[in-house]
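Read-outs: derived from the displayed coordinates by stated rules, not from any lab. Computed from a prediction, not measured in an experiment: that's the story for all the values here. Cβ placement follows ideal geometry from the backbone for every residue including glycine, while neighbour counts extend to all protein chains displayed.
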Amino acid sequence: MKIRDKNEALQKLIRDLLSQDRPVWKALGKGLNRPRRGGFRVNLYRIEKHAKGKETLVVPGVVLGSGEVQKARNVAALKFSESARAKLEKAGGKCLSIRELLEQNPQGKGVKIMG
């Protein structure tokens, strides 16, 4: 698979995700390997609406701060807006990079991709 992005760190992340033998990481690698203009932008209200239980949500793009978060949510993404990060942390959640999540949870248990 040809990697489209010119950012070397992102290229390495995509390669690492695609080399994993878990379907969730392969799907995430494919989601990251797309043009930026077609990238994912997810607002907090969508995260609040679709998150269930103790699963960790992964956004292969940017998390934006529109909406409120009532419960502690663990979210991994390429980027977070300042307001999204503040609201998630205020609610008791964690903001992780995708690399951190991959290192903490190589099995991909309880991970849901949003995009």
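Need one number: nm distance between label points at Glu89 and Tyr45, each 7 Å from Cα along Cα→Cβ, rounded to one decimal.
Distance between label points: 2.5 nm.
Quickly work out the Lys71-to-Lys6 label distance, labels modelled 7 Å from Cα along the C-beta direction, and quote it in nm with one decimal.
Using points 7 Å along Cα→Cβ, the separation is 4.3 nm.
Take the residue pairs Lys6/Lys49; Lys52/Lys87; Lys6/Lys71; Lys30/Lys90 and return only those whose Cα atoms are more than 29 Å apart.
Lys6/Lys49; Lys6/Lys71; Lys30/Lys90
May I ask you to sort Lys6, Lys71, Lys26 by Cβ crowding, counting other Cβ atoms within 10 Å and putting the fewest first?
Ordered from fewest to most neighbouring Cβ atoms within 10 Å, Lys6, Lys71, Lys26 come out as Lys6, Lys71, Lys26.
Based on C-alpha coordinates, I'd like the Rg and Dmax of the chain, in Å.
13.5, 40
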